[in-house]
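The values are calculated or read from the model by the stated rules, or taken from the named source; none is laboratory data. The model shown is predicted, which means the values in this text are computed figures rather than measured ones. Here the Cβ is made from the backbone with ideal geometry for all residues, glycine too, and neighbour counts use every protein chain on show.
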Amino acid sequence: MSTKLKTSYSTVLEASLEDAERFWSEAAKDLHWTRPWDKVLDDSDAPYYRWFTGGELNTCYNALDLHVDEGNGDRTALIYDSAVTQSHQTFSYVELRDVVARFAGVLAARGVGKGDRVIVYMPMVPEAVIAMLACARLGAVHSVVFGGFAANELAVRLDDATPKAIVSASCGIEPGRVVEYKPLLDEAIGLADHKPDFCIVLQRPQAEAPMTAGRDFDWSKEAAEAVPHECVPVQATDPLYILYTSGTTGQPKGVIRDNGGHAVALKWTMKNIYDVDPDETFWAASDVGWVVGHSYIVYAPLLAGNATVLYEGKPVGTPDPGAFWRVISEHRVSVLFTAPTAFRAIKKEDPVGDYIGRYDISSLRYLFLAGERTDPDTLHWAEDKLNVPVIDHWWQTETGWPIAANCAGIELLPIKEGSSSMPVPGWDLLVLDEAGEPVPSGEIGTLAVKLPLPPGTFPTLWNARQRHFDSYLSRFPGYYNTSDAGIIDADGYVYVMARTDDIINVAGHRLSTGAMEEVLADHPDVAECAVTGIADDLKGQAPLGFLVLNAGCDRPVGEICAEVVGMVRERIGPVAAFKQALVVQRLPKTRSGKVLRGTMRAIADGEEWKMPATIDDPAILDEITAVLAGIGLPRGQ
Ligand code: COA
Ligand code: AMP
């Protein structure tokens, strides 16, 4: 039996849960407010809680101007390192503030103001960060759409967010190919019912985009003529951004982040979780299109006065598996944050770590991993090769910052493989059974957080309050349902095991199998379909489609499978990484008609599985097993 010691971590956790208002109001003193809040926690509309109601501030002011006003304007704010164009650019806080103020002037001159939405559809260039912060400066609400999504996905977001403007670029650069963004942007605007008033396009030399007269304006020309704009104070509870993420259907969920609680919580995390001090360099190797990019490339490091790295490239192939070590050594990175899949990619190409020895990475103090569970092989390889603590931590687009982590800045706890450590202060995390009762330690159930959620999470979904309630609050009244199954052990360590819904995680990217099924079902020869996520050595999971064809269809199955693969790429985007579909006679179902996706996944992964008691025809599983064996699944058998 283990004995729990009273540690400083547990003291901070207790303080945060016993008197959350006191805890977070202390943290809020670290920010500049133009009007103090009336209430720290407003529970008048529970279970919808709001933080710092009545307070006014500007997030951009706190991320940039405050540091300049405090005399730290010469410190490095943003380091753009592009492995794909082999170029670098560094901005001090004063320089970044000036370009952001100027771009805010561009948007304002064309009519963007407080509360207006602006879609940012850009590759990993400094202008993406500048556009986000310029929106924050004006009190406008940005919605960044990841570049790997197709035009149709962008159109869906356009119709939901109804933006006044879109900020984009002529192209992104993927290894070996230039991805032209402008045709995708034009197609999306054509598809959507809602049309933006105008677009600002950054022309990159790799592909100049033709402009639509009267609608599209050139970033450089506009910025050259702009008048810098001051920060506009907003309510703490006003939205800062909307970030769309996969739900269980093709309609993505627009997660709203507000200004006040977000700035308070994120600034707090930089020292307490990541243990970085102002002026140190923090690198989240992700993309601004994902939540990690919003929180830990842009807002948190800038709020905390760090230098943040914006890396345009991959862990491997740009040009080799030494890319990460080069960036760490050139920019003296103290803390690296990425997804385990990036390390699996590096390990695959450089298993002994030859490339690591070619660079001086002595500045590195921690590696943080998230997005998917860190598998023990990757954990030990990284620990062994980097000789720093390797910390798995767990969070979601909805939460905006980690639910469970090893809070290195409070107290570095022993690392247990497979675990994302302990609940972060602010999070009252439990494991619940089907009836909503807490389970004994060590038993699996749904990971749920007792309400209210801490500041910096999400008040609700854009245009979808009922969906918010149905997805997160209704299953276990009084709790936030994370839709992750997991265990908390006797020492309080959290193990996140699997999603309880139809979400899969491919290369750290969150995808909806339901959205892929909607695309497959649109193929004229497909009668029924199912998509499941199967284990993948590199990407963690990969989607696999099962198709039942219409009776009488005599077209070659190979052709149909290739067509559906093309359709997913065309409609959702290359990021879905949907590469394989199989034709089966029937899908396994329960007697009530529910497709047994979990059983198909277990067979494909070679896991032990039980014949579901409610299956309508057990023989179907023999066929599925045989079809999977035909493509070499499960592997190694
Ligand atoms: N614009 C256009 N296309 C994009 C894109 C973008 N911004 N990002 C990815 N894609 C494309 C890729 O080119 C690829 O296309 P392909 O099928 O033609 O090869 C496809 O989308 C899948 O991309 P990805 O899943 O990134 O696979 P990859 O093989 O290019 O790279 C890894 C694999 C592991 C190296 C890469 O996924 C990685 O570095 N992951 C880090 C994880 C991460 O950043 N997670 C975010 C949360 S922390
Ligand atoms: P996203 O919203 O893209 O950040 O994805 C969130 C989901 O990714 C979570 O609900 C988990 O299923 C998974 N996830 C993120 N981090 C971890 C982790 N450290 N361990 C296990 N799963 C994780």
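So, in region 220-253, how many residues would count as being within 16 Å of ligand 2 (Cβ to nearest atom), among the β-branched types (Val, Ile, Thr) and closer than 26 Å to ARG50 by Cβ? The number of residues fulfilling the criteria is 2.
If you check VAL156, VAL145, VAL125, VAL167 for being within 16 Å of ligand 2 (Cβ to nearest atom), assigned by TED's automatic domain parsing to the domain that holds GLN89 and at pLDDT 95 or above, only one passes: VAL145. Of all positions in region 231-248, at least one carries a residue that is of a type outside the set (D, E, K, R), buried (at least 24 other Cβ atoms within 10 Å of the Cβ) and more than 24 Å from ALA464 (Cα to Cα). Screening region 498-513 for residues that are closer than 20 Å to ASP537 by Cα and without any contact (Cβ under 8 Å) to a residue 60 or more places away in the chain and picking the one that is nearest to ligand 1 (Cβ to nearest atom) gives ILE504. Scanning region 578-594 for residues that are outside the structural domain of VAL179 (by TED's automatic domain parsing), part of a helix (DSSP H, G or I) and among the hydrophobic types (A, V, I, L, M, F, W, C) turns up nothing. Applying a threshold of 7 Å to beta carbon distances and a minimum spacing of six or more residues, or different chains, the list of pairs starting in region 395-406 at a residue that is touching a residue at least 24 places away in the same chain (Cβ under 8 Å) and at positive phi and ending at one that is outside any loop (DSSP other than H, G, I, E, B) and among the polar types (S, T, N, Q) reads GLY400/SER295.
Among the residues of region 279-301, those that are assigned to a loop (DSSP other than H, G, I, E, B) and at pLDDT 95 or above comprise GLU280, ALA285, SER286, ASP287, VAL288, GLY289, TRP290.
For region 307-405, which strands (runs of 3 or more DSSP E) that fit wholly inside it have 1 or more residues that are over 19 Å from TYR296 (Cα atoms)? In region 307-405, no matching strands (runs of 3 or more DSSP E) lie anywhere.
Would region 302-311 turn up any residue that is within 10 Å of ligand 1 (Cβ to nearest atom), out of contact with any Pro (no Cβ under 6 Å at 6 or more places or on another chain) and at pLDDT 95 or above? Checked region 302-311: at least one residue is within 10 Å of ligand 1 (Cβ to nearest atom), out of contact with any Pro (no Cβ under 6 Å at 6 or more places or on another chain) and at pLDDT 95 or above.
So for region 254-271 (the condition being assigned to a loop (DSSP other than H, G, I, E, B), within 14 Å of ligand 2 (Cβ to nearest atom), crowded, with 23+ Cβ neighbours inside 10 Å and aliphatic (A, V, I, L, M)), does at least one residue qualify? No, there is no match, as no residue in region 254-271 is assigned to a loop (DSSP other than H, G, I, E, B), within 14 Å of ligand 2 (Cβ to nearest atom), crowded, with 23+ Cβ neighbours inside 10 Å and aliphatic (A, V, I, L, M). Just one of ALA576, ALA602 is within 16 Å of ligand 1 (Cβ to nearest atom), modelled with pLDDT of 90 or more and either polar (S, T, N, Q) or under 15 Å from GLN541 (Cα atoms) (or both); which is it? Step by step, each of ALA576, ALA602 is checked, and only ALA576 is within 16 Å of ligand 1 (Cβ to nearest atom), modelled with pLDDT of 90 or more and either polar (S, T, N, Q) or under 15 Å from GLN541 (Cα atoms) (or both). For region 416-439, the tally of residues that are free of Cβ contacts under 8 Å to residues at least 24 places away in the same chain and part of a loop (DSSP other than H, G, I, E, B) stands at 5. In the set VAL568, VAL583, VAL548, VAL595, only one residue is modelled with pLDDT under 95 and surrounded by 15 or more Cβ atoms within 10 Å (Cβ to Cβ); that residue is VAL595. Counting the residues of region 329-365 that are within 19 Å of GLY313 (Cα to Cα) and in contact (Cβ under 8 Å) with a residue 40 or more places away in the chain gives 15. Quick check, is MET567 assigned by TED's automatic domain parsing to the domain that holds SER512 and in contact with a His (Cβ under 7 Å, 6 or more places away or on another chain)? The answer is yes for MET567. Would you point out the residue of region 440-462, among those that are part of a loop (DSSP other than H, G, I, E, B) and hydrophobic (A, V, I, L, M, F, W, C), that is surrounded by the fewest Cβ atoms within 10 Å (Cβ to Cβ)? For region 440-462, the residue satisfying everything is ILE444. Within region 276-296, residues that are hydrophobic (A, V, I, L, M, F, W, C) have Cβ atoms under 6 Å from residues that are in a loop (DSSP other than H, G, I, E, B) and within 11 Å of ligand 2 (Cβ to nearest atom) in these pairs: VAL291/THR397; VAL292/SER286, counting only partners at least 6 apart in sequence or on another chain. Every test in (1) within 16 Å of ligand 2 (Cβ to nearest atom); (2) within 24 Å of GLU174 (Cα to Cα) is passed by PRO574 save one, and that test is (1).
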